[in-house]
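The values are calculated or read from the model by the stated rules, or taken from the named source; none is laboratory data. None of these values were measured; they are calculated from a predicted model. Cβ sites come from the backbone with ideal geometry, for glycine too, and all protein chains shown count toward neighbours.
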Amino acid sequence: MKTGSECGRYKEMIMEMVDGEASAERAGLAKNHIVLCPDCAIYRDKLVKMTEIISSMKVEAPEYMETRIMAKIASQKRNSGFNFIPAFSTVVSAVVVIFAAFLIYNNKPAQVTVALAQPPAVKAVAEAKLPVAVKIAKVPVKHAVIIAASKPSAAVKNVIIAKAQEAVVPAVKAPSAAAASAPEIAYAPAMAPLTAPVAKAANVNTNSAPFTAAAPSNTMHAADADKITATPTVVITAVGYVADNLINVNRGECAKVRVQVAQQCEVKIIVYDKAARIVSVLLDQNEPAGTWESTWCGRNDGGSVVTGGVYPVYMQVGQSVAKGFIIVTK
Amino acid sequence: MDEKEIIEKVKKGETKYFAEIINKYKKVVFGHAYNFLRNKEEAEDASQEIFVSIFNNLKKFRGDAKISTWIYRITVNTCKNRLKQLQRLRGRMTEEIYEPGAEEKPSLVDRIKEKEEKEPDKSFASDEIKNTVYKRIDELTPEQRQVITMRDVDGLSYDDMARVLKISVSAVKSKLFRARENLREKLEKDEIL
């Protein structure tokens, strides 16, 4: 037996020889060494045995492998493309949700439509050709008009108010005439300040009186113009509408509910809660023709402040019915 | 149909021709995966992963190298990565199921010898030896296990191994020699060699 380091030099050659990868020269050297070194001969035999054992470990691939892989590739191919069905169903669901939300928040009767598509106040503002940026957002379905001038000067505000009043007041002054024409009710935006005194009813929560608004003068103060931007939304329904429908009871804010009566009939204005329980009856009596207004300051008939939330308002004028809503915050 | 034509057809979207590639290489791929991972289910999953990867990347195959070398390289890399994941998992599991005193049990070879003395059954002994060899191969590093599998199971030449592993032939020889020495020592202790 030769020294370990000397044999070590030949072991790699023996490995190459066993694998059939040794060059003729290296194979010859390995063979000569094995003849002289019995330990390296044993080493070669062990190496051959080991490779035989390992090479016998070959396995056959399962028959179903091809089917399995092709199925996987096919499913992957299907998933990689744009799938129209989920996309379409998502869009449809979104539309349904939006529509449902719209219905919930509006509760709009069907007959209110086109007549308010181009409200006089909007026309008036447009005709004024104001030099400031006036943002007019029309929501035709909701029939709501939001007018917000970005810091207009007092003079500009006066022009806006005057033009708006000119457009609004004729309709308010002669409700029956307005009713005879196209719209079922007159357009009366919340921004029009009520210059006529509103008679207060004995009930603390219920204020109702015939609305006999005289045409306001054009010499309105700039302070009044601030009310324009402060007014959030006017929600108009068939027989009436809810103005200032977002109220904070802690700040003593009140919502206004106005109904238009064409001829003497039974008029009801009732505020409900979400469970359809009566919270407050604002008006329930026969009223002559005219515009009637009630205010609700977020208290029930017992005088207690209600909790925050959405309160549907039921308005009935004769056979016509309308619903609005008031949002109470604290 | 020649292999290049098949590849072109698959590239053009005729997926069904990919079945021919699977048929041709499944033995090599599954064989390598099985001997490398030592688990049939794992080998099947790995084979599926390999072929899906081949299919997805076929457009990138430009034909500079042999398709067999390219497929084999994907196989080797996928199996190596999978083995590392498995070893991490097994490491955690072994810690959980470790029983003190287990090392005092008779060795596998003792049990094999005992079994052979009682019921001389060559096939059983052969399977047991194979299992021991598998076990000892499992104890090698992934790199050592890789070269042994490539050479002794898959029968690759030194040149092919160098091409697949992207190393020199002398580096292949060196790696293979160290791996075999390590395995031989283990099997000698088990008295299998």
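Points worth noting:
- Of the criteria (1) facing another protein chain (nearest Cβ under 8 Å); (2) closer than 18 Å to residue B:169 by Cα, which one residue A:20 fails: (1)
- Restricting segment B:117-143 to residues that are modelled with pLDDT of 80 or more and polar (S, T, N, Q), the residue that is nearest to residue B:190 (Cα to Cα): B:132
- Residue, modelled with the lowest pLDDT, within segment B:144-193, restricted to residues that are within 10 Å of chain A (Cβ to nearest Cβ) and in a loop (DSSP other than H, G, I, E, B): B:193
- Count of residues meeting criterion [farther than 16 Å from residue B:34 by Cβ and not hydroxyl-bearing (Ser, Thr, Tyr)] in segment B:126-139: 4
Yes or no, residue by residue, for (1) outside any loop (DSSP other than H, G, I, E, B); (2) modelled with pLDDT under 85:
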{"site": "A:238", "(1), (2)": "no, yes"}
{"site": "A:250", "(1), (2)": "yes, yes"}
{"site": "A:259", "(1), (2)": "yes, no"}
{"site": "A:268", "(1), (2)": "yes, no"}
{"site": "A:275", "(1), (2)": "no, yes"}
{"site": "A:280", "(1), (2)": "yes, no"}
{"site": "A:311", "(1), (2)": "yes, no"}
{"site": "A:326", "(1), (2)": "yes, no"}
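- Take the conditions (1) in contact (Cβ under 8 Å) with a residue 12 or more places away in the chain; (2) touching an Asp or Glu at 6+ places or on another chain (Cβ under 9 Å); residue B:79 misses just one of them, which is (2).
- Qualifying helices (runs of 4 or more DSSP H) (wholly inside segment B:1-92; at least 1 residues being within 14 Å of another protein chain (Cβ to nearest Cβ) and closer than 19 Å to residue B:155 by Cβ): B:18-37, B:40-57
- Residues located in segment A:239-255, provided they are of a type in the set (Gly, Ala, Ser) and out of contact with any Asp or Glu (no Cβ under 6 Å at 6 or more places or on another chain): A:240, A:243, A:252
- Summed over segment A:38-60, the residues that are surrounded by fewer than 18 Cβ atoms within 10 Å (Cβ to Cβ), hydrophobic (A, V, I, L, M, F, W, C) and more than 9 Å from chain B (Cβ to nearest Cβ) give a count of 3.
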